[in-house]
There are 2 protein chains.
Amino acid sequence: MSEIPPAGPPPRVLIVGGGFAGLNAAKGLADAPVSVFLVDRHNYHLFQPLLYQVATAVLSPAEIATPIRHVLRDQQNVRIGLAELNGIDLARKTVSLPRGEIGYDYLILATGATHSYFGQDQWEKLAPGLKTIDDALEIRRRVLLAYEEAEWEEDVESRQAKLTFVVIGGGPTGVEMAGALKEIAARSVPRDFRFIDTTTARVILIEAGRRLLGGMPEALGRQALRDLQDMGVQVRLGCRVTGIRPGEVLVAEERLPAENVIWAAGVRGSPVARTLGVPLDDKGRVLVEADLSVPGHPEVFVIGDLASLIDPPSGQPIPGVAPAAIQMGQYVARIIAGEATAGKGPRPPFRYRDKGAMATIGRNRAVASVGGRNFSGAFAWLLWCAVHIWSLIGFRRRVFVMFSWLWSYLSFTKTARLITGNPQPRVKRPRGVIPTSRDNDAEQDDSPP
Amino acid sequence: MSEIPPAGPPPRVLIVGGGFAGLNAAKGLADAPVSVFLVDRHNYHLFQPLLYQVATAVLSPAEIATPIRHVLRDQQNVRIGLAELNGIDLARKTVSLPRGEIGYDYLILATGATHSYFGQDQWEKLAPGLKTIDDALEIRRRVLLAYEEAEWEEDVESRQAKLTFVVIGGGPTGVEMAGALKEIAARSVPRDFRFIDTTTARVILIEAGRRLLGGMPEALGRQALRDLQDMGVQVRLGCRVTGIRPGEVLVAEERLPAENVIWAAGVRGSPVARTLGVPLDDKGRVLVEADLSVPGHPEVFVIGDLASLIDPPSGQPIPGVAPAAIQMGQYVARIIAGEATAGKGPRPPFRYRDKGAMATIGRNRAVASVGGRNFSGAFAWLLWCAVHIWSLIGFRRRVFVMFSWLWSYLSFTKTARLITGNPQPRVKRPRGVIPTSRDNDAEQDDSPP
């Protein structure tokens, strides 16, 4: 296999994945005497926390995704490549891509996580998850099509099944999706239809555990439950999905007729982890050392959602959220920059600074835990809006998202209600670096939290 | 086949197609004592004149597409259905859809036009045209991927072919695409790449006729030629494409190595016209009477791009542009409303009011012909911007497009540079009213001009 020329003089730092972790590692190396090569299978960095708003027709993809090249355009020590990852050879210190091999002195693996269907991979087609822009557009298409099909349907039972949305998983994504789906039904589309009453659409949130928002304080989980129930979402706690078939979901012994199912339950490390021959946790994530390196390979770091590490002060696992990924990226950049200038030495351990957590539920409703204090209601909702707008990349995106939200708030509409996407496109993808088929993969998921 | 209940009491008006023509026909019937059923294969009305800006990453789809239901939400005499058209039975006055048949008292056929490859249908996969949002996203994907692949390519010739963009057809769409592609290469992406010099990308515009913008005054065609050449676009007039193969375009005897080809040449009426058994012109459009009805069927109107009619005052064919489609829609609405209230009588002929024509070429460059006067340069460009923003549906879209253009103008960037779209999606389209495969069709092209 041909060798791809290095991005510049050594030490050569290869970053795989341009999500929060990988991108922040690259930025952190801006002034370091290193050559950085950043590889991702998408050409954009995705602001994953707002992806559910693409799936629910509030925002357009370009409002939450930024071309990676654009973000790093002025950082001269970075080369960027769009490619899938074929494999990693830790012994030879090379990464294999369709175009050839790249050697590295440091490897930063930040390929994130993907959905886990707990061994029931056949559920994926019936219950898509929400990790990429294409996922979000597919969910948007299904949600909007459900109303269109119900409008044609004369059979009452069949119509109700088309108007039943089941969200599986009561974490932040599941809570946010369920709330947004109910708002669409109750407020955005009722006047659009003549035959169906969209306010009768059912949104059912199913969670196997005893509470919602497991990663947040218990009081906020209870508040989210009350808020969702207020809005008319049916929440089922302690229920396990035992089957998903076309047109129905099985919950324990019960059969729920539902045409629309969204998966927000399980997460597992991206498949590349299993090819490394290093210890993984039960979710397929790499068990990293205190300096985020792979045991026995101090030159290989795993950061972001793919890393599994217990935070010593709290004794808790570091959560798969954007702030943790950002901090990990910044940390490994500091380590590498230090070794490139001052030479190798003992590394200080990674320290996670918990910035709190928040989830939005609907109009004027959110829950937030910041600095040990809990907030809910309109204040938490405004806080949530402010934090997310502030975190977006670039002035233009901030203005657009702010204006979109304001518009959506005042008009009660969701603007991006477009059913797009040819399942069998009329034109084929050109030959090239990007493979033309993909099933059940996430070699380089660039969407960490 | 089952019968679909009518939208309301007779007369029942069935409109097929929600483009400029069909949508304006529906709106024009708002106060008429009729029941309207509007059927389209998309759930949105597309502002087709700005579609090339989606293909060139300036705008997002939601900025130029509006859900049809939203536009007509307060018009109580309209029912809307999302469906493909299976066929029309003029004798039985029924239209067949996947869900069943709909009877009509008046039929308004506004299914628009599609690409014509002049019998070379195998070219379509290699040279996609620009009629739908999915077309535009596919072209955007190819254009952006071309640079990504060139960045990997070490072979000089192959790299140049990847950086060669051929636009076939010198009408407004071809001119606008060629100008925008050159601006991307010269101004938007140069700083994004480390190995390739994107300013060396070639954009070649091929036109079989002796001039550009055949539908506009000759002086403007010459101005557009000068502007494009100034910008570095290679324009070839009087050249006929004789072949398109992977990686090359044949122009007469010459072989042009080019990986990216965009079709903006031929247009033909949507295929449903050929099933009606009525006289068609050489482009497959229906030769309508002076009142836009089909010969022998006064209850059937064909409007928009699918209609072929000579304008008596000028002796020229009425052009396939948005203003003509809008006027035709308004005209047939007046005819039908009049007959529904005052009874049938002689119909005044349709009169086309030519509002002029315009095309943008690039930054500060456009050509416009308004009221018999020609404009070019910055003034024409500002006029073009104002007219298009004014014509968009809804305050929100106007603000967003204006802000996008302002941003793009000041920053020289194209924001929506996202490579999205799975050619083989991981999740299948659900069963339902929308067929799951489509090749080479345009049964209900909702994008007239």
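A few notes on this one:
- Estimated FRET transfer efficiency when R0 is 35 angstrom, pair A:I389-B:H297 (beta carbons, to 0.05): 0.05
- For B:411-418, mean number of other protein chain Cβ atoms within 10 Å: 6
- The contact residues of the range A:389-403, meaning those that lose at least 10 Å² of 1.4 Å-probe accessible area when all protein chains sit together rather than their chain alone, are A:F395, A:R396, A:R397, A:V399, A:F400, A:F403.
- Placing a label point 7 Å from Cα along the Cα-to-Cβ axis, B:R211 is separated from the same position in the other copies by 7.7 nm, shortest listed first.
- Label-zone membership for the range B:367-389, site B:W405, 7 angstrom Cα→C-beta point, backbone N under 17 Å: B:367-370, B:375-389
- Neighbour net charge for B:S293 - beta-carbon separation under 10 angstrom, K R +1, D E -1: -2
- Residue pairs, from the table A:K182/A:K414; B:K162/B:K283; A:K162/B:K131; A:K131/A:K283; A:K162/A:K414, whose Cα atoms sit over 22 Å apart: B:K162/B:K283; A:K162/B:K131
- Distances between equivalent label points of A:D197 across the copies, with each point positioned 7 Å along Cα→Cβ, amount to 7.0 nm, shortest listed first.
- Surface analysis of chain B yields an accessible area of 37 Å² per residue, using protein heavy atoms and a 1.4 Å probe.
- Efficiency of FRET from Cβ geometry, B:I310 and B:K344, R₀ 25 Å, rounded to 0.05: 0.45
- Euclidean distance of C-alpha centroids, the range B:306-322 and the range A:176-243, integer Å: 54
- Only helical runs count toward this figure. For chain B, summing -39,500 (n - 2.57) over DSSP H runs of n ≥ 4 and dividing by all residues gives -9000 deg cm²/dmol at 222 nm.
- Of all chain A residues, the one whose Cβ lies closest to the rotation axis that maps A onto B, given with that distance rounded to whole Å, is A:S60, 2.
- Distance between the modelled labels on B:R334 and B:T275, one decimal in nanometres: 3.3 nm (7 Å Cα→Cβ projection).
- Cα centroid separation, the range A:82-134 to the range A:268-291: 12 Å.
- The residues neighbouring B:D192, those whose beta-carbon lies less than 13 Å from its own, together hold a net charge of +4 under the Lys/Arg +1, Asp/Glu -1 convention.
- Under 13 Å, Cβ to Cβ, from A:P257 - net charge with Lys/Arg +1 and Asp/Glu -1: -1
- Protein accessible surface hidden between A and B, which excludes ligands and nucleic acids, total in Å², probe 1.4 Å: 8500
- Comparing mean-square fluctuations of A:Q122, A:Q327, A:Q234 from a GNM of chain A with C-alpha springs under 10 Å, the top value falls on A:Q122.
- Straightening the chain between A:D121 and A:V370 buys 86.0 nm, computed as 0.36 nm per residue apart minus the Cα-Cα spacing.
- The share of accessible area on the range A:119-265 that comes from carbon and sulfur is 46 percent, using a 1.4 angstrom probe.
- Shielded by partner chains, the range B:92-134 residues - at least 30 Å² of accessible area, 1.4 Å probe, vs chain alone: B:R99, B:E124, B:K125, B:D134
- When A:G243 is represented by a point 7 angstrom out along its Cα-to-C-beta vector, the spacings to that point in the other copies are 5.8 nm, nearest first.
- With every protein chain in place, the range A:272-401: carbon and sulfur % of accessible area (1.4 Å): 59
- For the peptide B:61-68, the mean number of other protein chain Cβ atoms found within 10 angstrom of a residue's Cβ is 6.
- Rounded tilt (10° steps) of B:377-391 against the dominant C-alpha axis of chain B: 40
The values are calculated or read from the model by the stated rules, or taken from the named source; none is laboratory data. Being a predicted model, the structure only gives us computed values, none of them experimental. Note that each Cβ is placed from the backbone with ideal geometry, even for glycine, and that neighbours are counted across all protein chains shown. Accessible surface is based on the protein model in full, side chains and every heavy atom, while ligands, DNA and RNA are left aside. Shrake-Rupley method; radii C 1.70, N 1.55, O 1.52, S 1.80 Å.
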